[in-house]
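This report refers to the structure that appears directly beneath it.
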There are 2 protein chains.
Amino acid sequence: MDAAPPPLHPDLAELAFLLGAWRGGGEGEYPTIDPFAYEEEIRFWHHGTGFLAYAQRAWVPADGETLHSELGFWRPVGAGRLEACLAHPFGLTEIAAGELDGTAAHLASLDVPRGPTGLPVTRLERSYRVEGDRLSYELWMATERTPLARHLTGRLERTS
Amino acid sequence: MDAAPPPLHPDLAELAFLLGAWRGGGEGEYPTIDPFAYEEEIRFWHHGTGFLAYAQRAWVPADGETLHSELGFWRPVGAGRLEACLAHPFGLTEIAAGELDGTAAHLASLDVPRGPTGLPVTRLERSYRVEGDRLSYELWMATERTPLARHLTGRLERTS
């Protein structure tokens, strides 16, 4: 699945700044929990078609225990707009849309569909910014019980 | 993201038969298209937590052009039941549930949520079966215009 990639699809040019593997960490917070630190890897890759594949994993710095993981696809849809379709491990998916601003991408969920055992997340907003080999992002989350609040602030560096 | 895996989470024992990388291909069909052959890679891996990560990619045998790709998570939810949350590249996600039967897994979508540009898929059913180092599956699909019909029949072999 990770053979040498084919040429970049022209539709992906405006998302190419995200391509690569990124490693770093950040701080988690939320009104219902104690603040916590995490380490993280994010990877964006492509298959020569008009979408980016995306994988994220965050873990506890002390012991490497996985805290969260996401997989999915990001796709430009024209006029500086993008959509993302993501899967979360705990019974959720996420359909998001937003805009590109140079080497920044902003996404807000249109829907956070969940299965019978899914967590009661109702909204996610994400902003990613790349400056050289540094990727920073914020993620905001609302649940059925908690209004939109900042949950994650991450800073990563490109490793490949 | 692919370092040596931690020990298998006990909840995953009944899904462990899927773990590994699988390669092969199959036949595609649908009432609205000409039959076609494809090659494919499927990978299931884990991070020591109670879910499997899943990546699939299918391509045209002649030139390697990507036909389809899926990413997501499969998770046992007790009593031989499982749920899956998947992302598709073209504006869809999939929330599915089903049951395990030894080394077979059956999933039917509960919801196929889509974004503004998503394909009009309304239902997906999947059956996977592992016998030794062989994985076979069928995928059935309904769209807004076409009742449930077999779309994919694949046979893969374990490569790792």
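The values are calculated or read from the model by the stated rules, or taken from the named source; none is laboratory data. Because the structure is a prediction, the values reported are computed rather than measured. Reconstructed Cβ throughout: ideal geometry from the backbone, glycine too, with neighbour counts over all protein chains shown. Note: areas computed on protein heavy atoms with side chains; ligands, DNA, RNA excluded. Shrake-Rupley method; radii C 1.70, N 1.55, O 1.52, S 1.80 Å.
Numerical summary
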| read-out | value |
| --- | --- |
| Residue within region A:88-95 that is under 13 Å from the mean Cα position of the chain (by Cα) and in a loop (DSSP other than H, G, I, E, B) present | yes |
| Single condition residue A:132 does not satisfy, out of (1) on the phi > 0 side of the Ramachandran plot; (2) within 14 Å of chain B (Cβ to nearest Cβ); (3) of a type in the set (Gly, Ala, Ser) | (2) |
| Residue match in region B:89-96 (condition: surrounded by 22 or more Cβ atoms within 10 Å (Cβ to Cβ) and at positive phi) | yes |
| Condition met for residue B:10 (over 22 Å from residue B:151 (Cα atoms) and open to solvent by 20 Å² or more (accessible area, probe 1.4 Å)) | yes |
| Among (1) assigned to a strand (DSSP E or B); (2) open to solvent by less than 60 Å² (accessible area, probe 1.4 Å); (3) without any contact (Cβ under 8 Å) to a residue 24 or more places away in the chain, the one test that residue A:122 misses | (2) |
| Residue tally, condition charged (D, E, K, R), facing another protein chain (nearest Cβ under 9 Å) and free of Cβ contacts under 8 Å to residues at least 24 places away in the same chain, over region B:71-119 | 3 |
| Members of region B:13-38 found to be open to solvent by 90 Å² or more (accessible area, probe 1.4 Å) and under 18 Å from the mean Cα position of the chain (by Cα), listed by number | B:23 |
| Output for region B:96-118, where each listed residue is touching a strand residue (DSSP E or B) at 6+ places or on another chain (Cβ under 6 Å) and not in a strand (DSSP E or B) | B:103, B:112, B:113, B:115, B:117, B:118 |
| Failed condition for residue A:145, given (1) open to solvent by 60 Å² or more (accessible area, probe 1.4 Å); (2) within 29 Å of residue A:159 (Cβ to Cβ); (3) touching a residue at least 40 places away in the same chain (Cβ under 8 Å) | (2) |
| Number of positions in region A:59-76 that are closer than 17 Å to residue B:57 by Cα and open to solvent by 50 Å² or more (accessible area, probe 1.4 Å) | 0 |
